[in-house]
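Take a look at the structure set out below.
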Amino acid sequence: MKDIRLILVDDHEIVRTGLKAYFSAQPGFIVVADVPNGAQAIEQIERTNPDLVVMDISMPDMDGLEATRLIKARYPEVQVLALTVHDDKQHLFEMLAAGASGYLTKQAAAEELVAAVRVVANGQVYLQPALARWLLDDYRRLLSDVPESRASQTTERGKDLDILSKRERQVLELVAGGMTNPQIGRQLGISPKTVARHRERIMSKLDMHSAADLVKFAIRTGLIDAR
């Protein structure tokens, strides 16, 4: 198994130093850069080819929210895990909407951080259990807004899904199921680059900008079942 290449982003040098020392002592990790803001993180991605960015949120010059949006737009294969002092619903949802695949507060244990990095680097989603309830509540509200009538559901699904090709629906279903581009490519017999192009077209057609938006859409249209 190859090492996970990390960029650490935090405006506090002592935090970056501690994280770098900790990850460097763990098997399976390589810290390729540590920087104090989002702008420098983006510069380092092109130079170091990381698998994952551990991203603070509140930083000068470019905060973690803006940086995450830009990273996912330019480098969709690079995963982002938010590591922050913010333990509120607004920051959680904003980071997920921006494209982060994980969210952890700085009160978490070091072992949980390592576990979260491994999960997110593998293309899955990690949310600190104490915060995940907000996302669950949001989905339940979303589901409660879906029309109860089967006929109404079918009509709504048709309106939304008809703009996608059969292949795009297949890709969307697998994206919403948490699979990475390489995993989707293997299942569908196409290249990861082709999967990425399908994802771009899906987002363009649906006017969506993050994986979280796609998951909500897939639930609302009945493409996947979140019950």
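Criterion first (buried (at least 16 other Cβ atoms within 10 Å of the Cβ) and either at pLDDT 70 or above or not assigned by TED's automatic domain parsing to the domain that holds Phe23 (or both)) does Gln90 satisfy it? Taking the combined requirement at face value, the residue does not satisfy it.
For the stretch 53-74, the set of residues classified as surrounded by fewer than 16 Cβ atoms within 10 Å (Cβ to Cβ) and among the basic types (Lys, Arg) consists of Arg74 only. In this structure, is Pro60 farther than 26 Å from Pro129 by Cβ and under 16 Å from the mean Cα position of the chain (by Cα)? When the stated conditions are applied, Pro60 does not pass them.
The set of residues from the stretch 179-221 being surrounded by 15 or more Cβ atoms within 10 Å (Cβ to Cβ) and at positive phi is empty. Report every pair of residues separated by at least 6 positions or lying on different chains whose Cβ atoms are under 9 Å apart, first residue within the stretch 118-141 and basic (Lys, Arg), second exposed (fewer than 14 other Cβ atoms within 10 Å of the Cβ) and at pLDDT 90 or above. Cβ pairs passing all conditions: Arg118/Gly28.
The values are calculated or read from the model by the stated rules, or taken from the named source; none is laboratory data. Quantities reported herein were computed from a predicted structural model and do not represent experimental measurements. All Cβ positions, glycine included, derive from the backbone under ideal geometry; neighbour counts span all protein chains shown.
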